[in-house]
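Structure record follows, encoded as structure tokens.
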Amino acid sequence: MKVAGIYLAAGQSSRMGTSKVSLRLSQDVALGSVALSELERCGLEPLVVVVRANDKLEWLPPESGVLGSRRTETCLTAHLGLSFSLRCGLNAVLPAEPDAVVVALADQPFITAGLVGRLIETFRCSPALDYVASNGNGTVMPPALFSKTLFPALQQLDGDRGAAGIFRSPDYKGAVIEGESPLFFMDADTEGDFIEVRREWMLRSGRNRDSADI
């Protein structure tokens, strides 16, 4: 069974006012690099990182997975909504003919390889599923795995809602797994969100959170 990955890092960060992926959790760690490094531990091939046209990519970490399995894909229509970035990533992985694809967001730095591995293992055990998603505070959300049976539906998505409509639809058979910690689903949509994310990051990293400039 071949599982590809799509890492959505092309958001406009309109509520933040600056590029989220480049924000620093610490001097040497960018927000967008963290979950990507976790995904590289999951054997996803290919792993496509969808980015904006003007992204200098300075936040990208060194490749830690199989050499050459990760590549970037520029989405020229990313400003039109999340679904356009998702379609861009999907079109990039389709030539590899994967059985499923894992989709993750670049502003969720507490996502772990273990959580992604549980998505994949759930699908391996129940390959008739159309998707396996995560439960974050009662909301079905990424990271999520989509079977190739859903690829046509993903290509028809529009706007900025992503796959939310698929999760709500009775037409698809899915499973939802619980994260071990509510931290898994913290994201950084606003400056206040980022302050909370960085505070938790500093605590988890064993650093003195008061040493960071807020």
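The values are calculated or read from the model by the stated rules, or taken from the named source; none is laboratory data. Being a predicted model, the structure only gives us computed values, none of them experimental. Cβ sites come from the backbone with ideal geometry, for glycine too, and all protein chains shown count toward neighbours. Note: accessible area is taken over every heavy atom of the protein model, side chains too, but ligands, DNA and RNA are not part of it. Shrake-Rupley method; radii C 1.70, N 1.55, O 1.52, S 1.80 Å.
Could you list all residues from the range 96-117 that are among the polar types (S, T, N, Q) and either open to solvent by 30 Å² or more (accessible area, probe 1.4 Å) or modelled with pLDDT of 95 or more (or both)?
112
For residue 158, are the conditions met, namely being under 16 Å from residue 6 (Cα atoms), in contact with a Phe, Trp or Tyr (Cβ under 9 Å, 6 or more places away or on another chain) and among the acidic types (Asp, Glu)?
It is false that residue 158 is under 16 Å from residue 6 (Cα atoms), in contact with a Phe, Trp or Tyr (Cβ under 9 Å, 6 or more places away or on another chain) and among the acidic types (Asp, Glu).
Tell me whether the range 53-64 contains one or more residues that are among the small types (Gly, Ala, Ser) and either open to solvent by less than 30 Å² (accessible area, probe 1.4 Å) or touching a Gly at 6+ places or on another chain (Cβ under 7 Å) (or both).
No, the range 53-64 contains no residue that is among the small types (Gly, Ala, Ser) and either open to solvent by less than 30 Å² (accessible area, probe 1.4 Å) or touching a Gly at 6+ places or on another chain (Cβ under 7 Å) (or both).
Residue pairs, Cβ under 7 Å, 6 or more apart or interchain, first in the range 192-214 and more than 15 Å from residue 24 (Cβ to Cβ), second at pLDDT below 75 and not in a loop (DSSP other than H, G, I, E, B). List them.
203/209
All but one of (1) open to solvent by less than 20 Å² (accessible area, probe 1.4 Å); (2) free of Cβ contacts under 8 Å to residues at least 12 places away in the same chain hold for residue 152, so report the exception by its number.
(1) is the only condition that residue 152 fails.
Can you tell me which condition residue 79 does not meet? The list is (1) surrounded by 19 or more Cβ atoms within 10 Å (Cβ to Cβ); (2) within 16 Å of residue 10 (Cβ to Cβ), and all the others hold.
Unmet condition: (1).
Check residue 147 against each of (1) in contact with a Gly (Cβ under 8 Å, 6 or more places away or on another chain); (2) at pLDDT 85 or above; (3) surrounded by 20 or more Cβ atoms within 10 Å (Cβ to Cβ) and name the one condition it does not meet.
(1)
For (1) among the polar types (S, T, N, Q); (2) closer than 30 Å to residue 23 by Cβ, each residue gets a yes or a no:
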position: 96; (1), (2): no, no
position: 101; (1), (2): no, yes
position: 105; (1), (2): no, yes
position: 112; (1), (2): yes, yes
position: 123; (1), (2): no, no
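Looking only at the range 82-95, filter to residues that are surrounded by fewer than 21 Cβ atoms within 10 Å (Cβ to Cβ) and at pLDDT 95 or above; which one of those is farthest from residue 136 (Cα to Cα)?
Here the residue is 95.
Evaluate the range 31-52: report whether one residue or more is free of Cβ contacts under 8 Å to residues at least 24 places away in the same chain and surrounded by fewer than 20 Cβ atoms within 10 Å (Cβ to Cβ).
No: zero hits.
Among the residues of the range 118-134, which ones are open to solvent by 30 Å² or more (accessible area, probe 1.4 Å), under 11 Å from residue 177 (Cβ atoms) and not basic (Lys, Arg)?
Listed by number, the residues that qualify are 121, 122.
Suppose we filter the range 165-177 for residues that are surrounded by 16 or more Cβ atoms within 10 Å (Cβ to Cβ) and part of a helix (DSSP H, G or I); how many remain?
2
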